[in-house]
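Data block below; observations after.
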Amino acid sequence: MHKRLFTPGPTEVRAEILKELATPQIHHRSPECAELYGQIQPNLQQLLYTENPVLLFASSSTGAMEAAVTNLVAKRCLNCVNGAFSARWHDIAAGNGVPCDVLEAPWDRAIRPEQVDEKLATGEYDAVTLVFNETSTGLMNPLKEIAEVVKRYPEVMLLVDAVSAMAGVKIDTDALDLAFVLAGVQKAFALPAGLTVAAVSEDALARAESVPPRSYYFSLPQMAKYHRRNQTPSTPAIPQMFALNAQLTAILEEGLEARFERHAAMAKTVQEWAKTHFDIYPEEGYWSSTLTCVRNTREVDVAAMIDALARGYNLRLANGYGAIKGETFRVAHMGDTQPDEIAGLLRAIEAVLGL
Ligand SMILES: *Cc1c(COP(=O)(O)O)cnc(C)c1O
């Protein structure tokens with residue numbers, strides 16, 4: 001029996017979208033494939049409020065995180081770390097030999113724009129990595145405010161992991177001057193795992209031309225070159241492209257504002273519920289619109305609760321991530337999930353815990 005996903009990735013995928021994956025294969029150098037690519041492109045740009053090219057990666061988000069730091073850091077990168085995924089981005093940079101430093105905040109605290117400003121004032125950096133929505137902690141960093149700081153340093157590029165936010169929260173790519181903003185589609189896009197999209201600015205592509213190549217598969221100049229003919233350098237994830245195309249149409253039909261508002265409304269419901277029965281892990285003011293990380297103040301057995309929801313209700317919830325497993329659990333309210341489904345989930349948790 002399928003367990004309905006309320007996990008912060010992968011998220012539940014609608015049956016109509018799953019069917020798209022079974023579309024007969026087309027050749028990746030055929031006009032049909034270029035046409036498909038060409039249909040997807042303006043819709044992605046609309047979703048991301050950008051005129052930048054939006055590149056398709058046949059990899060999970062981690063691959064695009066690697067592409068960003070290997071292609072776009074000529075001097076030194078400042079990695080903002082306040083959770084598991086931002087820590088991973090630092091590990092990726094360091095592991096690839098990219099010169100970098102960490103700017104740290106506790107996991108339940110947001111990265112402050114002033115902290116970033118202070119570091120950039122040293123003149124040592126030409127790039128900053130930031131995870132917009134930390135999926136490990138349910139914390140949304142103040143992207144807009146940090147972007148305003150970075151704008152004051154013309155040499156510095158802002159690289160953003162928007163994995164669990166994109167398609168659930170507005171990302172004003174061009175207004176914020178984001179050099180690189182990426183997301184795997186298995187989160188708020190509500191698509192099957194295996195594809196990542198990233199909007200890359202023309203300035204970023206120009207810099208990538210001058211940075212000595214650190215990667216072959218993730219070469220942004222190569223990807224940009226093929227992008228201009230609606231292609232990818234190697235075989236793209238063709239089934240995923242059919243699904244993405246259909247889902248983008250559905251997302252635009254729902255309306256971007258309506259979609260973002262639905263996410264905000266579900267977040268409010270879950271936050272209120274969490275405040276009533278437990279507490280919320282990150283500091284107030286930075287709670288995520290797409291998932292809530294509940295602080296386990298009742299000291300319930302989280303693993304047992306997740307198991308009971310799966311067995312008794314066919315619902316899949318996520319435990320806390322890494323160091324805060326058991327101490328927290330996470331409720332995803334993203335993708336195509338509807339408010340009535342969230343209400344049903346909360347009733348099921350109450351029943352399991354006898355609340
Ligand atoms: C899920 C997630 C990732 C990693 O994604 P993969 O697709 O598993 O590589 C990175 N960053 C954030 C914020 C995420 O939520």
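The values are calculated or read from the model by the stated rules, or taken from the named source; none is laboratory data. Note that the structure is a prediction, hence the values are computed from the model and not measured. Glycine gets a Cβ as well: all are built from the backbone with ideal geometry, and neighbour counts include every protein chain shown. To get the accessible areas, we keep the full protein, side chains included, count just its heavy atoms, and leave off ligands, DNA and RNA. Shrake-Rupley method; radii C 1.70, N 1.55, O 1.52, S 1.80 Å.
Listing for the model above:
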| item | result |
| --- | --- |
| Residues that are touching a helix residue (DSSP H, G or I) at 6+ places or on another chain (Cβ under 9 Å) and either surrounded by 24 or more Cβ atoms within 10 Å (Cβ to Cβ) or part of a helix (DSSP H, G or I) (or both), drawn from the range 291-303 | Leu291, Thr292, Cys293, Val294 |
| Selection from the range 101-138 of residues that are open to solvent by 20 Å² or more (accessible area, probe 1.4 Å), more than 25 Å from Gly320 (Cβ to Cβ) and not in a helix (DSSP H, G or I) | Asp101, Ala121, Thr122, Gly123, Glu124 |
| Some residue of the range 42-58 being free of Cβ contacts under 8 Å to residues at least 40 places away in the same chain and away from the ligand (no atom under 16 Å from the Cβ) | yes |
| Residue in the range 309-329 that is free of Cβ contacts under 8 Å to residues at least 24 places away in the same chain, open to solvent by 10 Å² or more (accessible area, probe 1.4 Å) and not in a strand (DSSP E or B) present | yes |
| Options Asp172, Asp203, Asp177: the member that is out of contact with any Lys or Arg (no Cβ under 7 Å at 6 or more places or on another chain), open to solvent by 60 Å² or more (accessible area, probe 1.4 Å) and of a type outside the set (S, T, N, Q) | Asp203 |
| Residue in the range 242-260 that is assigned to a helix (DSSP H, G or I) and within 16 Å of the ligand (Cβ to nearest atom) present | yes |
| Evaluation of Ser288 against (1) surrounded by fewer than 22 Cβ atoms within 10 Å (Cβ to Cβ); (2) farther than 18 Å from Glu350 by Cα (one fails), failing number | (1) |
| Enumeration of residues in the range 71-100 that are open to solvent by 10 Å² or more (accessible area, probe 1.4 Å), within 16 Å of the ligand (Cβ to nearest atom) and of a type outside the set (A, V, I, L, M, F, W, C) | Arg88, His90, Asp91, Gly95, Asn96 |
| Check on Ala68, hydrophobic (A, V, I, L, M, F, W, C), open to solvent by 10 Å² or more (accessible area, probe 1.4 Å) and in contact with a strand residue (DSSP E or B) (Cβ under 8 Å, 6 or more places away or on another chain) | no |
| Residue that is modelled with pLDDT of 95 or more, away from the ligand (no atom under 16 Å from the Cβ) and open to solvent by 10 Å² or more (accessible area, probe 1.4 Å), where the choices are Pro213, Pro192, Pro233 | Pro233 |
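The rows are residues; the columns are (1) assigned to a strand (DSSP E or B); (2) in the same structural domain as Ala246 (by TED's automatic domain parsing); (3) modelled with pLDDT of 95 or more.
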| position | (1), (2), (3) |
| --- | --- |
| Glu16 | no, no, yes |
| His28 | no, yes, yes |
| Gln39 | no, yes, yes |
| Gln46 | no, yes, yes |
| Thr62 | no, yes, yes |
| Cys80 | yes, yes, yes |
| Arg88 | no, yes, yes |
| Asp91 | no, yes, yes |
